[in-house]
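Asker: Before we start, here is the structure in question, set down as C-alpha cells.
The values are calculated or read from the model by the stated rules, or taken from the named source; none is laboratory data. Remember, it's a predicted structure, so these values are computed and weren't measured experimentally. Cβ: placed from backbone, ideal geometry, glycine included. Neighbour counts: every protein chain shown. Side chains included, ligands, DNA and RNA excluded: accessible areas come from the protein's heavy atoms. Shrake-Rupley method; radii C 1.70, N 1.55, O 1.52, S 1.80 Å.
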Amino acid sequence: LNMSPRPVRHLHFLTEHVGTAVDGPTTLFLDTGNAQQNYWGSSLLDSHVDVKKSGGEPVGANVMGITLTTLLEQTVQPGGHVMIKIDIEGAEYQLLE
C-alpha cells in the first residue's frame with residue numbers, strides 16, 4: 001500500500017493524564033452542568049467559564065499532570081514525526097511555557 005502521506009503507525013492516548021506546566025498530581029475542575037456537550041468545559045483553571053457556570057464551589061478531581069516535554073520524551077522515537085492537538089480549556093499557555 002503506497003499512501004501519501006504515510007498512514008499513522010503509532011498513536012499514544014494518555015487518558016489518565018492532563019497537560020500541565022509541571023509533572024505531578026494536580027486538580028481538574030469539572031464542568032458539571034453541560035451534559036449536552038459531554039461536560040467539555042472541565043479545566044485546570046477553577047475560573048474557567050464552564051466550571052463557574054456549574055454553580056457553587058468548583059468540583060475538583062485529582063489527576064496526574066504531564067508536561068509536553070515528558071510526553072514527547074516518553075512517546076517519540078529519535079527522528080520521529082510529531083503531530084499534537086492541544087485543547088485544554090484555557091491552560092494551553094501554561095503547557096507551552
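Asker: Six or more apart or on different chains, Cβ atoms under 8 Å: show the pairs whose first residue is in segment 58-84 and over 12 Å from residue 17 (Cα atoms) and whose second is open to solvent by 50 Å² or more (accessible area, probe 1.4 Å) and basic (Lys, Arg).
Answerer: Partner pairs satisfying both residue conditions: 58/52.
Asker: What number of residues in segment 24-42 are under 24 Å from residue 84 (Cβ atoms), loosely packed, with under 14 Cβ neighbours inside 10 Å and modelled with pLDDT under 80?
Answerer: 3
Asker: Another question, if that's okay. Considering each residue of segment 59-87, count those that are assigned to a loop (DSSP other than H, G, I, E, B) and more than 13 Å from residue 31 (Cα to Cα), and give that number.
Answerer: 13
Asker: Anything in segment 43-58 that is open to solvent by 80 Å² or more (accessible area, probe 1.4 Å) and part of a helix (DSSP H, G or I)? List them, or say none.
Answerer: 49, 52, 53
Asker: Select from segment 78-97 the residues that are more than 18 Å from residue 44 (Cα to Cα) and either at pLDDT below 80 or aliphatic (A, V, I, L, M) (or both) and list them in ascending order. It would help to see each step written out before you state the result.
Answerer: Of the residues in segment 78-97, the ones more than 18 Å from residue 44 (Cα to Cα) are 78-84.
Within segment 78-97, 80, 81, 82, 83, 84 meet the criteria.
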